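Each remark here refers to the structure printed beneath this line.
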């Protein structure tokens with residue numbers, strides 16, 4: 001972990017401008033092509049959720065902006081960020097699950113499976129998130145596709161943890177598409193950074209043999 005050099009940061013004017021907003025967050029929703037990864041996971045009997053989750057976290061850690069967190073008047077740059085996911089625990093009740101990100105898919109799955117096994121025995125809603133900002137909040141809506149999503153927020157303008165949601169696959173033009181929502185704090189990044197995130201994510205999912 002280190003702090004961003006604000007004096008030499010090209011976005012310092014934008015940071016100071018949006019920091020005055022009560023709600024400086026923005027959200028972008030789009031559809032991405034997951035055709036190659038979809039076929040790969042079916043052939044290799046891999047969960048499409050874990051495959052996309054790994055690709056998302058790989059992309060988050062690739063871009064420094066997704067590792068920025070506001071800390072008072074300073075900005076932390078985390079060395080690595082980890083997934084904080086939701087999963088169904090009992091009937092239609094969800095729980096939160098946090099685990100350590102690993103850069104190899106094999107090690108990532110070990111962490112994921114261990115954390116999920118423990119999480120299914122107890123409903124946890126937010127307790128383990130307290131005091132941690134080196135996370136990416138992740139949810140899925142596997143039952144429906146969507147064109148827009150909103151996230152519940154505490155109202156704290158310094159909340160700078162990205163929220164990423166994806167929905168049900170659908171077919172378009174012979175391709176398998178997935179809706180993806182990315183919500184971030186405008187103090188730390190702009191639309192171009194989210195666009196680069198989505199381009200990188202799409203590129204990773206086009207080459208599953210390299211990714212997994």
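To the nearest ten degrees, helix 48-62 and the longest principal axis of the Cα atoms of the chain are 30 degrees apart.
With respect to the chain, whose longest principal axis is taken over its alpha-carbon atoms, helix 191-206 is tilted by about 20°. Counted by neighbouring Cβ atoms within 10 Å, the residues 161, 77, 85 run from fewest to most as 77, 161, 85.
For the chain, the longest principal axis of the C-alpha atoms and the axis of helix 35-44 are separated by about 50°. Here the spin labels are modelled as points 7 Å beyond Cα on the Cα-Cβ line, and at residue 171 and residue 195 they lie 3.2 nm apart. Residues of region 173-209 falling in the label zone of residue 64, defined by backbone nitrogen less than 16 Å from a point 7 Å along Cα to beta-carbon, are 188-190, 193-194, 197.
Only DSSP H runs of four or more residues enter the estimate; each adds -39500 (n - 2.57), and after division by the residues of the chain the mean residue ellipticity at 222 nm equals -9500 deg cm²/dmol. Be a star and scan region 166-205 for residues whose amide nitrogen sits under 14 Å from the point 7 Å along the Cα-to-Cβ vector of residue 14. Within reach of a label on residue 14: 184-197.
Annotation: extensible slack from residue 90 through residue 21 equals 21.0 nm (criterion: 0.36 nm per residue apart, minus Cα-Cα distance). A straight chain from residue 206 to residue 133 at 0.36 nm per residue would run longer than the Cα-Cα distance by 23.3 nm. Among beta bridges identified by DSSP and lying wholly in region 1-143, the antiparallel ones come to about 75 percent. Inter-part distance, region 1-52 to region 84-102, computed on C-alpha centroids, equals 20 Å.
Taking 156, 79, 92 as the candidate residues, the one with maximal mean-square fluctuation in a Gaussian network model of the chain, Cα springs under 10 Å, is 92.
When the chain is treated as a GNM, springs tying every alpha-carbon pair under 10 Å, which of 24, 142, 157 comes out with the largest mean-square fluctuation? Top of the fluctuation ranking is 142.
Where (i) 11.3; (ii) 12.2; (iii) 14.9 are the candidate values, the label of the one calculated here for mean projected area of the Cα convex hull in nm² is (ii).
The numbers here are math on the coordinates, done by the rules we state, and not lab data. Small disclaimer: the values here were computed from a predicted structure and weren't measured. Note that we place each Cβ from the backbone using ideal geometry, even for glycine, and neighbour counts take in every protein chain shown.
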